[in-house]
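Asks: Here it is, the structure in full.
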Amino acid sequence: METSPVATEDRPRCSPAPPPAPHSDAHAALRDSAGVGLAFLPLGLAYGALVTQSGLEWWWAGLSAALVFGGSFEFLLIGMVAASAPLASIAVSALLVNVRHVFYTLSFPLHRVGGRLGKTYSTYALCDEAYALTTGERASAWSSRRILWLQFFLHLYWAASATVGALLGSFIPDRVTGLDFALTALFTVLALDAVRDLRGHLATPVLAVLSALFARLLFPGQMLPAAFALFTAALLGRRLATSRTPRHA
């Protein structure tokens with residue numbers, strides 16, 4: 001018996017399986033921040049231990065880590081608070097240490113963060129690690145929620161590890177060394193990842209090296225601020241030059 005074409009067409013067809021649902025922004029941000037979170041752990045433990053060893057209460061560690069969120073400045077802040085430094089000195093020190101964040105805004109993707117509240121928190125929670133992770137080529141398509149979740153997790157890692165370090169600070173023996181090198185190692189890894197994202201465009205590392213060399217020759221007594229100033233001027237000059245260059249189709 002032959003099957004009519006109409007009967008064949010009336011049979012239900014199996015629809016293709018739907019594509020797997022993508023990971024949520026929070027899950028993706030957690031994965032992106034995991035490596036930095038591991039590096040934050042020894043830093044936070046060292047910072048928390050420093051708080052208690054300076055004679056301050058343990059809750060100072062978590063409170064300052066959550067409110068200040070200044071990384072290297074927090075280590076300086078604890079010493080100034082323990083020494084009862086004037087508020088004006090603390091404010092000037094905070095400005096000098098964190099003025100680099102002003103230059104971060106030149107390329108930080110704040111325009112991709114939605115909402116006034118989101119932009120406010122993203123600006124407040126901007127740190128070296130968040131900048132390094134969100135300005136690479138891999139992060140060019142990240143959504144607003146993913147950027148905010150990433151910054152939140154970094155904020156949480158730091159505050160939590162500092163609190164744990166303060167609570168366990170008395171159990172860390174004095175002979176343990178190398179915790180302070182974790183910050184240097186973290187910045188080295190982030191710098192290497194940033195260079196890999198350049199994909200052969202080594203102009204930025206070359207500009208950095210040349211700025212350091214010129215600063216060493218011209219301003220040996222003020223090498224670091226002079227190198228920063230020369231590097232910033234070189235980046236701004238390169239940006240102006242490339243923006244004026246016509247693009248070919």
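Asks: Among the residues of the stretch 13-35 satisfying the criterion of being at pLDDT below 85 and of a type in the set (A, V, I, L, M, F, W, C), which is most open to solvent (accessible area, probe 1.4 Å)?
Replies: Of everything passing the filter in the stretch 13-35, Cys14 is most open to solvent (accessible area, probe 1.4 Å).
Asks: Another question, then. Collect the residues in the stretch 211-235 that are in contact (Cβ under 8 Å) with a residue 24 or more places away in the chain and open to solvent by less than 80 Å² (accessible area, probe 1.4 Å), keeping them in residue-number order.
Replies: Of everything in the stretch 211-235, those that are in contact (Cβ under 8 Å) with a residue 24 or more places away in the chain and open to solvent by less than 80 Å² (accessible area, probe 1.4 Å) turn out to be Phe231, Thr232, Ala234, Leu235.
Asks: In the stretch 42-59, how many are in a helix (DSSP H, G or I) and either surrounded by fewer than 19 Cβ atoms within 10 Å (Cβ to Cβ) or not assigned by TED's automatic domain parsing to the domain that holds Val164 (or both)?
Replies: Adding up the residues that qualify gives 2.
Asks: Checking Phe69 against (1) open to solvent by less than 70 Å² (accessible area, probe 1.4 Å); (2) over 19 Å from Ala39 (Cβ atoms); (3) not in a helix (DSSP H, G or I), which test does it fail?
Replies: (2)
Asks: Another question, if that's okay. Scan the stretch 121-139 and tell me whether some residue there is modelled with pLDDT under 90 and more than 14 Å from the chain's Cα centre (by Cα).
Replies: Yes, because at least one residue in the stretch 121-139 is modelled with pLDDT under 90 and more than 14 Å from the chain's Cα centre (by Cα).
The values are calculated or read from the model by the stated rules, or taken from the named source; none is laboratory data. Because the structure is predicted, anything quoted here is derived from the model rather than measured. Neighbour counts are summed over all protein chains in view; Cβ atoms, including those assigned to glycine, are modelled from backbone coordinates with ideal geometry. These area figures cover heavy atoms from the full protein model, side chains too; ligands, DNA and RNA do not enter into them. Shrake-Rupley method; radii C 1.70, N 1.55, O 1.52, S 1.80 Å.
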